[in-house]
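Enquirer: Sending over a structure as structure tokens; questions will come in a sec.
The numbers here are math on the coordinates, done by the rules we state, and not lab data. Remember, it's a predicted structure, so these values are computed and weren't measured experimentally. We place every Cβ from the backbone using ideal geometry, glycine too, and count neighbours over all the protein chains shown.
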Amino acid sequence: MGALNQTRVPEFVFLGLTENWVLEILFFMTFSVTYMLTLLGNSLIIVTIFFTPRLHTPMYFFLSNLSFIDICHSSVTVPKMLEGLLLERKTISFDNCIAQLFFLHLFACAEIFLLTIMAYDRYVAICNPLHYPSVMNMRICVQLVFALWLGGTVHSLVQTFLTIRLPYCGPNIIDSYFCDVPPVIKLACTDTYLTGMLIVSNSGTISLTCFLALVTSYTVILVSLRKQSAEGRRKALSTCSAHFMVVAFFFGPCIFLYTRPDTSFSSDKMVSVFYTVVTPLLNPLIYTLRNEEVKSAMKQLRQRKVFS
């Protein structure tokens with residue numbers, strides 16, 4: 001291990017989003033606002049759910065966890081990206097790079113598992129409403145959240161171990177604005193075909209399996225809605241369509257980036273920006289704009305603060 005550390009590169013250099021300084025300034029201003037709105041929007045959802053007793057239900061418990069994950073997920077990459085947009089030379093130490101990719105995969109995998117659990121929650125609520133209180137009580141919800149963090153940690157440790165065990169002795173330029181497993185292992189001073197396949201199979205299996213489970217859940221829900229009343233159908237469709245929009249925005253980039261072999265596309269950076277910067281902002285917008293209960297709770301909370 002000592003010999004490996006002696007030959008290991010001390011830092012990586014990001015190429016960033018663009019070399020045009022005017023675009024960098026525009027990106028900095030745009031993404032700074034986006035990041036602040038992400039923090040504000042998701043924090044507002046967490047606070048609203050916490051201080052509104054009628055929202056202390058499994059669905060909103062999971063929604064508050066989703067907002068927490070979105071805050072963490074965007075905070076792994078966006079601050080470093082914003083710093084890089086202001087610097088001519090964009091660098092990150094080897095240890096910080098490994099830490100960044102570890103937490104990136106931890107929060108991304110946790111979100112994948114959480115979205116799958118939320119789909120299951122909606123399936124039970126709509127298709128088996130009589131059994132819902134016993135199947136999805138708060139004790140089970142807490143256990144499911146613990147399980148998703150455990151699963152995310154195991155996945156992230158596997159990805160990090162497969163990356164860090166490789167020798168990095170020469171090239172250190174990453175054509176991106178953050179550290180992720182695929183671009184980092186390309187810089188290893190050894191053949192990475194087997195490692196790359198293991199990484200793709202690990203991420204790809206999780207993404208595709210959960211996505212198929214989600215599609216199956218929502219398909220069963222849609223079929224079962226034919227037996228519901230018009231009002232029940234409207235409420236269920238409103239909730240499920242919001243969930244499915246979040247799933248599409250999150251899983252689309254995940255599947256595009258992590259389920260293919262060692263190849264790069266010119267669109268990778270744009271997809272990564274959407275996945276790490278835009279999606280965490282869209283989640284609170286989708287859930288608040290389409291959810292009357294959350295909007296009503298926010299309004300009441302605001303009035304309570306004003307008149308208290």
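Enquirer: Starting from the Cα-Cα distance between Arg234 and Asp191, subtract it from 0.36 nm times their residue separation and give me the gain in nm to one decimal.
Expert: 10.0 nm
Enquirer: Considering only DSSP states other than H, G, I, E and B, which chymotrypsin sites (Phe, Trp or Tyr not before Pro) in the stretch 179-250 qualify as loop sites with at most 15 other Cβ atoms within 10 Å?
Expert: Loop-located and lightly packed - none at all.
Enquirer: Anyone know which of Pro280, Pro253, Pro167 comes out most mobile in the 10 Å Cα GNM of the chain?
Expert: Among Pro280, Pro253, Pro167, the largest GNM mean-square fluctuation belongs to Pro167.
Enquirer: For Ala147 and His131, compute 0.36 nm times the residue count separating them, minus their Cα-Cα distance, and round to one decimal in nm.
Expert: Stretched fully, the Ala147-His131 segment lengthens by 3.6 nm.
Enquirer: Which value does Rg/Rh take for the stretch 119-169 over its C-alpha atoms, Rh per Kirkwood?
Expert: Radius of gyration relative to Kirkwood radius: 1.33.
Enquirer: Divide the volume of the convex hull of the Cα atoms of the chain by its number of residues and quote the answer in cubic angstrom per residue.
Expert: 154
Enquirer: Give the residue list of trypsin sites (Lys or Arg not before Pro) in the stretch 181-277 that are DSSP loop and have at most 11 other beta-carbon atoms within 10 angstrom.
Expert: none
Enquirer: Any idea how many Lys pairs in the chain come in under 17 angstrom at the alpha carbon, given 8 or more places apart or on separate chains?
Expert: Taking the chain as the scope, the lysine pair count is 7.
Enquirer: On to the next question. Tell me the angle of helix 193-224 to the major Cα principal axis of the chain, expressed in degrees between 0 and 90 and rounded to the nearest ten.
Expert: Here the helix axis deviates by roughly 10 degrees.
Enquirer: What stretch of the chain, leaving out the sites themselves, is the longest with no GluC sites (Glu not before Pro) in a DSSP loop having at most 14 other Cβ atoms within 10 Å?
Expert: Within the chain, the longest run free of exposed GluC sites (Glu not before Pro) spans 89-308.
Enquirer: Figure the gain on full extension for Arg304 and Glu83 (residue separation times 0.36 nm, minus the Cα-Cα span) and round it to one decimal in nm.
Expert: Value of the extension gain: 75.7 nm.
Enquirer: Modelling each spin label as a point 7 Å along the Cα-to-Cβ direction, I'd like the Glu292/Met138 distance in nm, to one decimal.
Expert: Going by the 7 Å Cα→Cβ label model, 2.6 nm.
Enquirer: Taking only Cα atoms and a 10 Å spring cutoff, compute GNM fluctuations for the chain and point out the largest among Pro133, Pro284, Pro58.
Expert: Greatest mean-square fluctuation among the candidates belongs to Pro133.
Enquirer: At what distance in angstrom do the alpha carbon centres of the stretch 211-246 and the stretch 124-152 lie from each other?
Expert: 18
Enquirer: How large is Rg over Rh for the stretch 1-89, taking Rg from the Cα atoms and Rh as the Kirkwood inverse mean of 1/r across Cα pairs?
Expert: Here Rg/Rh amounts to 1.20.
Enquirer: Mind listing which trypsin sites (Lys or Arg not before Pro) in the stretch 66-145 are in a DSSP loop and have 11 or fewer other Cβ atoms within 10 Å?
Expert: Those that pass, being in a loop and sparsely packed, are Arg89.
Enquirer: Can you list residues from other chains, or at least 5 along the same chain, whose modelled amide H is less than 5 Å from the amide H of Phe14?
Expert: Lys90, Thr91, Ile92, Ile174
Enquirer: How far is helix 58-86 tilted off the main Cα axis of the chain, in degrees rounded to 10, range 0 to 90?
Expert: The answer is roughly 30 degrees.
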